[in-house]
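Laboratory data are not the source of any read-out in this text; all were calculated from the coordinates shown. Note that this is a predicted model, so its numbers are computed, not measured. Cβ placement follows ideal geometry from the backbone for every residue including glycine, while neighbour counts extend to all protein chains displayed.
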Amino acid sequence: MKPVIEFKDFSFRYKSQTEDTLKHIDLTIYEGEKVLITGPSGCGKSTLSSCINGLIPFSFDGEIKGSCKIDGFEVKDASIFQMSSRVGTVLQDSDAQFVGLSVGEDIAYALENDNMPRVEMLPRVYESAKIVDMHNFLEQVPYDLSGGQKQRVALAGIMHDDVKILLFDEPLAALDPMMGNFAIDLIDRIHTDYNKTIVIIEHRIEDVLYRNIDRIILMKDGTILADMTPDELLVSDLLKENGVREPLYITALKNAGCKLESHDISNVFDMDLTPYKDKVISNFNQANLHHEVEKNEVI
Ligand code: ADP
Ligand code: MG
């Protein structure tokens, strides 16, 4: 497999900071992978994402040490065009990405990198909007859309053929659980149908694991603490120990004293719960008994 994101002993310090925000990052992400980056607030996830999409060094000043190659280009030496044509980013706040008066104009603006004639542009805008199911909204004012719809418009704008990496920084932040599922489904469909490399930054792990993820990268204090499959990470206590909430069913099974198998546990709807059933029932009964006693005590 070909690496598309390659950090080697990479450190970054913002100009206004006295210490490095990213410290000795070693991370390789391969073409076609779907990776989740997680970690507590302030650990450097968005900074890492800015290194992947070229905002660092183009928009944020600072000092880079080590190497970061995106699709073979060293970010220190690349042009902003080389970066933006390869990496498409959907930000936390999609509003910030809108410039046009209509959804169609916005998608056109984002897709356009040379002066393509309008007659060629229109079908491309329609096609991109159709991928994200927003083709019936092209005339609408972007600001009137819901959070989920805005996100889909932002995504339509980065569906170029040459964009290899799709980067989502907290795509679930502004969405309710149902819209969150919808967004994760859409990202999954785009991953399968368009063979993009997908990087999702999110601390709502359970919601992201609603669809398959190849690897989870756990960050803390500007370093990478773990780089493993979802199953391996969920068996461990690394999430809880480092300030990230693990999926509730995993916590419940662990609390019931179940020893988790290290395969097929990353999606509660797909996993085989049979091995844990007896333990959970006996734990539940014990908890009930305890509750009865407490009730009696009050009486
Ligand atoms: P996360 O996305 O994991 O919450 P960030 O990458 O946003 O973390 O922030 C990591 C650290 O870098 C924080 O301490 C934050 O204050 C600092 N930081 C983020 N952006 C900037 C910036 N533009 N200039 C200076 N410091 C920044
Ligand atoms: Mg962030």
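Which GluC sites (Glu not before Pro) in segment 3-95 sit in a loop by DSSP (not H, G, I, E or B) and have at most 12 other Cβ atoms within 10 Å of their own Cβ?
On the way: sites: Glu6, Glu19, Glu31, Glu33, Glu63, Glu74; in loops: Glu19, Glu31, Glu33.
Sparse-neighbourhood loop GluC sites (Glu not before Pro): Glu19.
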Per-residue Cβ contact counts at 10 Å, fewest first, order Asp71, Asp214 as Asp214, Asp71
Dipole magnitude (debye, nearest 20) for segment 177-299, charges at Cβ of Lys, Arg, Asp, Glu | 120 debye
Under Karplus coefficients 6.51, -1.76 and 1.60, residue-wise ³J(HN,Hα) of segment 131-146 in Hz, glycine/proline x = 4, 9, 6, 10, 5, 8, 10, 4, 8, 6, 6, x, 5, 7, 7, 6
Quick one: putting +1 on the C-beta of Lys and Arg, -1 on the C-beta of Asp and Glu, what dipole do you get for the chain around its Cα centre, in Debye to the nearest 20?
-> 300 debye
Determine the percent antiparallel among the DSSP beta bridges restricted to the chain, to the nearest 5.
-> 55 percent
Lysine pairs in segment 1-127 with Cα atoms under 22 Å, if 8 or more residues apart or on separate chains | 24
Sorting Phe58, Val99, Ser46 by the position of each Cα along the dipole of segment 45-153 (Lys, Arg +1; Asp, Glu -1; all at Cβ), the one nearest the positive end of that ordering is Ser46
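Express the Stokes-Einstein translational diffusion coefficient of segment 112-262 in µm² s⁻¹, to the nearest whole number, given a Kirkwood radius over alpha-carbon pairs, 20 °C and a viscosity of 1.002 mPa s.
On the way: Rh = 17.6 Å.
D = 122 µm²/s.
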Antiparallel DSSP beta bridges within segment 165-227, as percent of all bridges there, nearest 5 = 45 percent
Mean Cβ-within-10 Å packing, highest first, puts peptides 152-159, 99-106 in the order 152-159, 99-106
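How big, in percent, is the set of alpha carbon pairs in the chain lying more than 28 Å apart? Please report the intermediate quantities before stating the final value.
Details: 20130 of 44551 pairs.
Result: 45 percent of Cα pairs exceed 28 Å.
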DSSP beta bridge pairing in segment 95-244, given as percent antiparallel to the nearest 5 | 50 percent
With runs of 4+ DSSP H residues as the only contributors, calculate the mean residue ellipticity of the chain at 222 nm using -39,500 (n - 2.57) per run, divided by the residue total and rounded to the nearest 500.
-> -11500 deg cm²/dmol
Among Leu166, Tyr126, Val141 the positive-end extreme of the charge dipole of the chain (Cβ point charges) | Leu166
Signed unit charges on C-beta, dipole axis of the chain, positive-most listed residue Ile29, Met178, Val87 = Ile29
Please list, in chain and number order, the residues 5+ apart from Ile224 or on another chain whose amide H is under 5 Å from its amide H, with Hs placed from the backbone.
-> Asp26
Can you work out D for segment 204-257 in µm² s⁻¹ from Stokes-Einstein, where Rh is the Kirkwood radius over C-alpha pairs, the temperature is 10 °C and the viscosity is 1.306 mPa s?
-> 136 µm²/s
Total charge dipole magnitude, segment 166-232, about the Cα centre, Cβ charges on Lys, Arg, Asp, Glu only, Debye to nearest 20 | 160 debye
Highest mean first, what order results for 280-286, 243-249 on Cβ atoms within 10 Å?
-> 243-249, 280-286
